[in-house]
Structures are given as structure tokens and as C-alpha cells.
């Protein structure tokens, strides 16, 4: 369960007293997610999400995240809207943690996305990139290629306990990606963590994008590569080219990829897989005693990396001219 910080009733009541969101009727912890503490709030005025920031989220980055959500919502993107308190600020403190209340979005996430979901996600991703073009703030991607070797250093000595020869495979991936990582691709605001649980659907239509706490300034095609990894692999580890084709075609209908992005897609997809394998590996090897959150399996992305190493062109992900 993703509740790292318990919130006493009295502390919550005092926090909510600064907001014009009606009287509290009920609240409960939200099990999904592994980064922050989240509660569902039901008040006389409606439904909201309360987040207390933990782990990797740096407090100094919160103005970027909250400002971005306000910016995107103002441009019509369906994403959480930070709720400002009576003093006019969105960010507060609760139980010693930075905390924010955001609007509640209707919809459900899909565990096993189909082709139609991948197509809708491609359209939504292009819409996010377009809506963020004029966002004035910038935040470097703290988990891009320069961060991967330091991450691996935290796990290298124990990596082969998780899977045979994992350390050697990772060293080879790092060497290749550090040498060839594409630079100066078209970019701007990206989500950088658009997994299936961060996208809501009503029917076949995307009803909302959530969890912007890895958002940053980076290459648009890298965001697409993250989504190909997260949405287009089957449970047996095979890549579903039909899903990839639907996602890429829908994205391209709104924002055509330029030749540099197409050429770089295999490296970007391999790098995206390595990034999530590494963060999962570090978490897997460093579970705090008594933790209620089960870390995600790093070997899921080790298997995806095996596919990416064999890819020779963007066509294998479903790109068509």
C-alpha cells in the first residue's frame, strides 16, 4: 500500500481548514503507486486527491510540477488541477511533508491495454507535448543517461543475485548508450512516467493523465519510447508491433516525427528500458524493513532490454513512413 506517512484525523482536519473544498465526509489511503503517500478525499464539495511527497520527489521541484499541471489544465489537457488554499498557494505541509490537494479525475486505468488504448495514448501524448510547448519553466531530466551509471553503482555488487550476468549486461548497455545517446532532438516538457496506471480511460477515450512528478524537459521521442516500453509488450516479453504501430501512427498524426527522431528511436527505447530497470533494481535491493510497498520487478525491463538490443530500426516498433 502506498501510504508511507500516516495522517492523524486531527492533523488532516487542521490542514483542510485552510481550503474552500467543503466539509470532509470520508478519506482513505490509495494503494496504487510507489513514490508518494496518496489519499482520496470526499467532501461536501466533491472529490479530491491529497498527496504527501516522499522518496525521490525533491521539494524544490514542486513549483515546476504544480505549475505545469496548472498550465496544461488551462490549455485543455485533462490532468489534475492543483487546488489553492485561502492564502492563494497550492503547496502546503502536512505531518512534516510537502503536501498538495488536486482535483479528482473520472476514469479507470487499464492493466492489459489493447490496440485501441495504445492508439488513444499516442494521441494524448502528442496533445501533452503540444500543450506544454509554451510552458516557461524548465527542469532537466534527473534520470537521463548521465544518471544511469551512478544508479548502477548502487546495485552493481548485488546485481547478479537478482539475475545471472545482470551486471555484465548492464555494463554493456551503459557503454553503448553513453557513447551513442542522441542529442539535440526536438523537445520540451515530457511526462517521463506515462505507465498504464497514470492514464485514465472512459470507454476507449483517454479521460485524464496523472502523476507528473517525473515530468521534465527532454526529447519528445524519449517520452514516446517510454510509452512503447510500458504499453506495447505482452506478458511473455514479446513486443506487440500492432500496438506500437497504433501508438506511433496516432502520435504522428498530431506531431510528425522528424528523421532524427525516427533514427534514434531504437536507442531511446533501449535507454528508457535501462532507466526503469535500474531504478527498479535499486529499489528491489533496498527495501526498508517492514515496508508495506512491494517494489516492482526489475527483470521485467531486463527482458525488454533483450528485445531492444536486437532491434535495427524504428520499423520494428511499428513506425511506417
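The values are calculated or read from the model by the stated rules, or taken from the named source; none is laboratory data. Predicted, not measured: the structure shown is a model, and the values here were computed from it. Note that we place each Cβ from the backbone using ideal geometry, even for glycine, and neighbour counts take in every protein chain shown.
So here's what we get for this one:
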{"quantity": "Out of 76, 88, sole residue that is over 15 Å from the mean Cα position of the chain (by Cα), free of Cβ contacts under 8 Å to residues at least 40 places away in the same chain and not assigned by TED's automatic domain parsing to the domain that holds residue 186", "calculated": "88"}
{"quantity": "The range 28-76, residues that are surrounded by 18 or more Cβ atoms within 10 Å (Cβ to Cβ) and touching a helix residue (DSSP H, G or I) at 6+ places or on another chain (Cβ under 6 Å)", "calculated": "72"}
{"quantity": "Restricting the range 98-111 to residues that are over 17 Å from the mean Cα position of the chain (by Cα) and farther than 24 Å from residue 75 by Cβ, the residue that is surrounded by the fewest Cβ atoms within 10 Å (Cβ to Cβ)", "calculated": "98"}
{"quantity": "Identity of the residue in the range 247-260, part of a helix (DSSP H, G or I) and surrounded by fewer than 24 Cβ atoms within 10 Å (Cβ to Cβ), that ends up farthest from the chain's Cα centre (by Cα)", "calculated": "259"}
{"quantity": "Unique match (being more than 16 Å from the chain's Cα centre (by Cα), closer than 30 Å to residue 152 by Cα and in a helix (DSSP H, G or I)) among 237, 244", "calculated": "244"}
{"quantity": "Within the range 1-114, strands (runs of 3 or more DSSP E) holding 1 or more residues that are within 20 Å of residue 193 (Cβ to Cβ)", "calculated": "37-43, 46-52, 97-103"}
